[in-house]
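None of the figures in this text is laboratory data; all of them are computed from the coordinates on show. What you are looking at is a predicted structure, and each value in this text was computed from that prediction instead of being measured. Every residue, glycine as well, gets a Cβ built from its backbone with ideal geometry; the counts of neighbours run over all protein chains shown.
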Amino acid sequence: MATLRSDLWCMAFVRRHNDLGNMCVIARRGDPIAGQVFIELDHLDGTRSLFTPAPVVSRGRGQGWCSSVGSVGWSRKKRDRIAQEAGFDPDLWVISVDLRGDDPGIELAKA
């Protein structure tokens, strides 16, 4: 099964959220063809979420995402996690979204 290039997927995701009125930017660019994508979500209520690709075994069909949610003090842990992953995988993309709702428009992996 063919997958979509990372740069095209990220640009489409950013465009869709900006068209919906959400502030969405690419915070870190990675490999345009096969870079992994992390999504930082600021709920604008003091909580944040970090969405990372789910392990292949829990995806089933298509791409799934895992989420971790935290409070205001959690942002340092989130930045450390992203920095650690970027040190391991320089092809990493990071998208940052400000969204009041709970639906970032991605399919979450089943637990």
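Before moving on, here are some points about what is shown:
- Sequence-ordered 3J(HN,Hα) estimates for region 42-50 from the Karplus curve with 6.51, -1.76 and 1.60 and θ = phi - 60° stand at 9, 7, 6, 10, x, 10, 9, 10, 10 Hz, glycine and proline given as x.
- For residue 28, the residues whose modelled amide H falls within less than 5 Å of its own, excluding neighbours fewer than 5 places apart on the same chain, are 94.
- Couplings for region 8-24, taken from phi via the Karplus curve 6.51 cos²θ - 1.76 cosθ + 1.60 with θ = phi - 60°, read 5, 4, 5, 4, 5, 4, 4, 4, 4, 5, 5, 5, 7, x, 8, 6, 9 Hz in order; Gly and Pro are left as x.
- In terms of surrounding Cβ atoms within a 10 Å radius of their Cβ, 88, 38, 51 rank from fewest to most as 88, 51, 38.
- Close amide-amide hydrogen proximity is noted between residue 107 and no other residue 5 or more places distant or on a separate chain, at a cut-off under 5 Å (H modeled in the peptide plane; Pro and chain starts excluded).
- Residues 93, 9, sorted so that the one with the fewest Cβ neighbours within 10 Å comes first: 9, 93
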